[in-house]
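Colleague: There's a structure below that I have some questions on.
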Amino acid sequence: MTETSIRPIVEAFYRASSERDVERVMTFIAEDVDWLVQGPVDVFAFFGQRHGKAAVLERDRSWCRKSSADTSRSSRCSRMNSTR
């Protein structure tokens, strides 16, 4: 029997996420995902629970809109917003 490791899959997900490559990130996420990021939602709006791929994508787009003043994020976010 062959052992399968999920490590390459997780590393690819994190790499795509850190590069803000939304198209690649979304290939790892199921349509019916139940996404939860623990933390104070009143402080960080991207925390909290999201249901479905579209809600996760909108959370990321919202984060980009709010942080558009940060020039290090602007080019990565422009790629994200262009995938609508």
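The values are calculated or read from the model by the stated rules, or taken from the named source; none is laboratory data. Since the model is a prediction, treat every value here as computed from it, not as a measurement. Cβ: placed from backbone, ideal geometry, glycine included. Neighbour counts: every protein chain shown.
Colleague: Starting from region 17-45, take each residue that is closer than 12 Å to Ala55 by Cα and list its partners that are in a helix (DSSP H, G or I) and of a type in the set (A, V, I, L, M, F, W, C), counting only C-beta distances under 8 angstrom and pairs at least six apart or across chains.
Modeller: From region 17-45, the pairs are Met26/Leu57; Ile29/Val56; Val33/Val56; Trp35/Ala55; Trp35/Val56.
Colleague: Condition first: loosely packed, with under 13 Cβ neighbours inside 10 Å and either at pLDDT below 90 or among the basic types (Lys, Arg) (or both). Now tell me which residues in region 21-36 satisfy that.
Modeller: Glu23
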